[in-house]
Each structure stands twice: as C-alpha cells, then as structure tokens.
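So the structure is just underneath, and the comments pick up after that.
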C-alpha cells in the first residue's frame with residue numbers, strides 16, 4: 001500500500017501536558033477542561049479531534065470536487081464534538097457536522113457532503129464507533 005503522508009506527534013503529561021509534532025508544526029500545552037475539574041480551559045484532545053475532523057472533511061470534499069474538475073467558492077465545516085458517557089463504561093464521542101459548500105445548491109451540497117463523509121480518512125476511522133449527524137447549513 002502506497003504511503004502518501006506520514007506525521008508523528010508526542011504527548012507528554014496527559015490532559016495537563018504538552019503535545020509536539022516531529023515537524024514542529026504544533027507545540028501546544030494541553031489543559032484539562034473545567035468540565036472535567038481543570039482550572040482553566042485550553043486546548044484539549046477533543047479540540048484537536050474536532051479541528052482535525054473538520055479539516056479532513058473539508059479537504060476531502062475539495063479533493064473530490066477537483067477530481068470532477070469543479071471548485072467550491074468556499075467550504076465551511078463545523079464539527080461539534082461531545083464527549084458522552086458510554087453505556088459499556090468510560091466515554092465516547094458524538095459528532096455533529098454542519099457543512100456549507102458555497103457555489104452549489106442544497107441538493108448538490110448534500111451529495112458532496114455524503115461523498116466527502118465516505119472518502120474522509122477520519123470518517124472511515126470512526127465509522128461504527130462514533131455517532132455522526134451530518135447536515136447542510
């Protein structure tokens with residue numbers, strides 16, 4: 001299988017630790033959110049997942065459009081992530097995705113969103129594990 005891209009990150013210290021990528025693109029201090037007993041809000045793993053998911057889905061839609069010789073005026077993805085209790089114990093994610101693909105009517109946007117969800121590596125990774133509710137704005 002051909003590798004197109006490889007990235008590495010190191011986390012030290014858990015929810016109140018530091019996160020750095022090997023290429024130095026990210027160097028973040030993570031903070032436990034106040035909802036979990038932290039002293040202040042800062043970047044946490046849930047922020048990172050929501051940001052990564054939104055970015056990956058937008059990039060996937062953009063790629064699929066390019067394959068069709070098309071281009072959106074703008075692609076906006078809001079990824080709203082919730083950490084919820086898992087009946088089997090621990091926690092799990094619920095994800096609401098609200099998309100806007102400017103330059104296309106609502107029906108076309110819905111088709112592009114569905115195709116993007118099927119193509120996006122994040123979507124593939126969480127399929128069957130995370131409840132995803134996706135819609136057009």
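Scanning region 16-43 for residues that are surrounded by 10 or more Cβ atoms within 10 Å (Cβ to Cβ) and in contact with a strand residue (DSSP E or B) (Cβ under 6 Å, 6 or more places away or on another chain) yields 17, 18, 19, 20, 21, 28, 29, 30, 43.
Considering only residues in region 20-42 that are part of a strand (DSSP E or B) and without any contact (Cβ under 8 Å) to a residue 12 or more places away in the chain, the one that is nearest to residue 121 (Cα to Cα) turns out to be 20. The criterion of being within 15 Å of the chain's Cα centre (by Cα), under 26 Å from residue 5 (Cα atoms) and part of a loop (DSSP other than H, G, I, E, B) does not hold for residue 47.
Answer yes or no as to whether residue 77 is in contact with a helix residue (DSSP H, G or I) (Cβ under 6 Å, 6 or more places away or on another chain), farther than 30 Å from residue 31 by Cβ and not assigned by TED's automatic domain parsing to the domain that holds residue 35.
Details: in contact with a helix residue (DSSP H, G or I) (Cβ under 6 Å, 6 or more places away or on another chain): yes; farther than 30 Å from residue 31 by Cβ: no; not assigned by TED's automatic domain parsing to the domain that holds residue 35: yes.
So residue 77 fails the test.
Being farther than 24 Å from residue 56 by Cβ and exposed (fewer than 10 other Cβ atoms within 10 Å of the Cβ) is the filter here; which residues of region 2-15 pass it?
First, pick out the residues of region 2-15 that are farther than 24 Å from residue 56 by Cβ: 12-14.
Listed by number, the residues that qualify are 12, 14.
Within region 90-112, if we keep just the residues that are more than 19 Å from the chain's Cα centre (by Cα) and not in a strand (DSSP E or B), the residue that is nearest to residue 72 (Cα to Cα) turns out to be 103.
The values are calculated or read from the model by the stated rules, or taken from the named source; none is laboratory data. Quantities reported herein were computed from a predicted structural model and do not represent experimental measurements. Reconstructed Cβ throughout: ideal geometry from the backbone, glycine too, with neighbour counts over all protein chains shown.
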